[in-house]
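Colleague: Before I ask anything, let me first share the structure, which is written out below as structure tokens.
The values are calculated or read from the model by the stated rules, or taken from the named source; none is laboratory data. Predicted model, so just to flag it, every value in this text is computed and none were measured. With ideal geometry, Cβ positions are generated from the backbone for all residues, glycine too; neighbour counts draw on all protein chains shown. What goes into the accessible areas is simple: the full protein's heavy atoms, side chains included, and nothing from ligands, DNA or RNA. Shrake-Rupley method; radii C 1.70, N 1.55, O 1.52, S 1.80 Å.
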Amino acid sequence: RATMKSLRFISAEAFVSNAEFARKSLGDVAHNLFPLLFKASYLLEQGEVIHDLVENWPLVDFNMGNLLGTTVDYQEDLSRRTCSVCLESCLTGLRDYVLNHPSPYMKRLKVVDLTGMKDVEVQVCECKKTMGRWARTQLLSKLCLELLVYLQQTQCNPGTFEISIDVLIDLFVTERNYELVVQALLKKYYCPLKICCVAFRTDNLALQKFFYIIKLTDPSLLRKLEIVHNVRLEMEHLEILFNSIHFPLLMSLTLPARTFNVRRFTATDERMLTNIGEKMGEMTQLTELSMSFSILTGRIEKLLSPLKTPLKLLDVSNCSLNHADVAYLANSFHAHHLEALDLSGHNILDLYPSIFFKLLSHSSSVLRILTLEDCNIQDTYVNMLILGLSPCQKLQEFKFLGNPLSSQALKHLFTFFCELPMLKNVEFPVPRDCYPIGITYPIDDASLCRFDHQKYETVAEELNLILLRANREDVKASTPLFGSYDAAVQETNNELGAYLIKSFKETLEKFTTSLNKMS
């Protein structure tokens with residue numbers, strides 16, 4: 001569907017489409033037209049024009065989210081286009097803004113905000129090359145260090161050293177770019193471009209390195225902290241982190257798998273858990289918490305009751321919750337504020353249906369995203385599920401992969417989905433009747449793809465037809481077999497794979513050594 005463009009935007013496109021003419025003429029352009037020209041250049045992927053616009057930016061701030069988002073002249077949101085050509089031109093233009101401006105004293109730029117970029121699966125830019133969060137972290141760090149070297153080696157205008165621009169960015173650090181980012185953060189006070197970390201994600205990093213770099217980011221400014229894959233953070237390390245560093249503005253916290261394991265708890269561990277809960281209670285801005293694949297049986301209340309601000313997002317997937325945990329969630333003040341909830345890996349409809357529906361009922365006025373993957377939802381529970389979901393009129397996403405539902409049950413559910421006015425995205429399982437008889441759930445990875453693909457396609461068409469007949473073509477329905485798209489994992493999957501192979505090799509070597517000692 002084509003988005004309407006104003007005459008101003010059409011004129012801007014015409015102006016920037018001739019890159020040579022546009023670059024020569026920038027000096028005659030009114031300052032208030034720069035944002036318009038930037039969006040037009042971004043849409044047309046005019047890298048050279050983008051570079052020169054940023055190099056000569058006449059305004060006090062440069063906010064990517066606002067510049068590329070919905071504007072009066074062109075409503076399409078371009079912030080989902082993480083186009084490599086455009087973003088590299090933008091960042092090198094920023095470096096050259098510091099170096100090459102004819103009169104440093106005329107420079108007004110104080111804040112550059114790169115946090116508005118959204119990494120998505122499908123890119124519609126012509127070049128088809130993306131620059132994800134990891135690559136943006138890498139390039140900005142590299143440019144900051146290059147800028148410092150250049151300023152030290154060259155006779156620059158004294159005014160250049162007075163330039164100070166805060167560059168707000170969501171950093172993504174792994175083993176591969178760790179040293180570069182550390183150097184850039186260590187030297188940021190000497191660099192005119194000052195990296196300000198608003199959100200920090202780390203994968204594939206030794207714990208010691210994580211503790212070092214997190215202190216360099218200035219945790220007092222951090223709003224989002226994601227410690228995800230292959231960072232061996234356990235409960236005692238989390239307690240040390242919270243005892244030694246304060247996160248006053250932290251709104252979102254993601255912890256790696258197996259951070260908590262209550263099955264081997266001692267009295268010391270109980271004290272630790274209490275302390276962690278109290279420390280999280282001091283984070284008065286915290287509204288999003290993800291703790292998947294930890295074992296938290298019977299301890300949810302201890303962890304969450306100290307929180308003074310209600311949670312809007314909670315991911316406790318595969319956390320071995322019991323009735324007391326779900327009852328606490330349903331009766332807590334968090335329930336009335338939950339906009340996103342993930343209870344995957346729990347047999348909730350079978351074991352505690354009434355308390356689960358109480359939780360749904362309390363969150364129904366605000367709930368936007370619900371994930372119930374691998375919850376052993378069978379055909380016999382479909383009517384019950386529909387009853388529980390009916391009040392959730394603001395639901396936008398429902399993901400229920402990995403449940404043993406038949407084609408008939410899915411059709412029943414899809415007929416109901418048509419009645420949810422805000423629903424936009426559904427992730428549904430391969431129907432049970434597409435798999436060989438006797439398949440057991442949860443299905444292991446080896447058997448996941450061994451289903452009748454032709455039958456699945458037929459059922460998927462029938463499900464989409466139900467949506468179409470109800471004029472709900474706005475709902476996207478899919479079956480991502482190996483889970484939803486994760487831009488960060490996609491960008492660093494080679495490094496992640498290499499890390500897993502290395503870990504497997506080390507485990508095998510330890511096992512072999514143990515066997516040799518025994519023999």
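Colleague: Assess whether Asn56 counts as being at pLDDT 95 or above and assigned by the TED database to the domain that holds Glu13.
Modeller: no
Colleague: On to the next question. Within region 121-136, restricting attention to residues that are surrounded by 14 or more Cβ atoms within 10 Å (Cβ to Cβ) and among the hydrophobic types (A, V, I, L, M, F, W, C), which residue is farthest from Asp203 (Cα to Cα)?
Modeller: So, considering only residues that are surrounded by 14 or more Cβ atoms within 10 Å (Cβ to Cβ) and among the hydrophobic types (A, V, I, L, M, F, W, C), the one farthest from Asp203 (Cα to Cα) is Cys125.
Colleague: Looking only at region 4-13, which residues are more than 34 Å from the chain's Cα centre (by Cα) and loosely packed, with under 13 Cβ neighbours inside 10 Å?
Modeller: Residue satisfying the conditions is Leu7 alone.
Colleague: Can you list the helices (runs of 4 or more DSSP H) lying wholly within region 247-331 that have 2 or more residues being in contact with a Pro (Cβ under 6 Å, 6 or more places away or on another chain) and not polar (S, T, N, Q)?
Modeller: By residue number, 267-281.
Colleague: Now for a different question. Of the residues in region 418-460, how many are more than 30 Å from Leu367 (Cβ to Cβ), assigned to a loop (DSSP other than H, G, I, E, B) and in contact with a helix residue (DSSP H, G or I) (Cβ under 7 Å, 6 or more places away or on another chain)?
Modeller: Of the residues in region 418-460, 3 are more than 30 Å from Leu367 (Cβ to Cβ), assigned to a loop (DSSP other than H, G, I, E, B) and in contact with a helix residue (DSSP H, G or I) (Cβ under 7 Å, 6 or more places away or on another chain).
Colleague: Output the number of residues of region 418-466 satisfying the condition of being buried (at least 17 other Cβ atoms within 10 Å of the Cβ), hydrophobic (A, V, I, L, M, F, W, C) and touching a residue at least 40 places away in the same chain (Cβ under 8 Å).
Modeller: Adding up the residues that qualify gives 8.
Colleague: Within region 137-159, does at least one residue satisfy the condition of being of a type in the set (A, V, I, L, M), in contact with a Ser or Thr (Cβ under 8 Å, 6 or more places away or on another chain) and either open to solvent by 30 Å² or more (accessible area, probe 1.4 Å) or at pLDDT 95 or above (or both)?
Modeller: Yes, region 137-159 has at least one match.
Colleague: Please go through region 384-417 and give me each residue that is outside any helix (DSSP H, G or I) and open to solvent by 30 Å² or more (accessible area, probe 1.4 Å), ordered by number.
Modeller: Ser390, Pro391, Gln393, Lys394, Gln396, Glu397, Lys399
Colleague: Ok, one more. Taking region 119-177 only, how many residues are under 16 Å from Ile213 (Cβ atoms) and aromatic (Phe, Trp, Tyr)?
Modeller: Count: 2.
Colleague: Here are Ile169, Ile214, Ile195: which of them is at pLDDT 95 or above, within 19 Å of Leu249 (Cα to Cα) and part of a helix (DSSP H, G or I)?
Modeller: Result: Ile214 is the single residue among Ile169, Ile214, Ile195 that is at pLDDT 95 or above, within 19 Å of Leu249 (Cα to Cα) and part of a helix (DSSP H, G or I).
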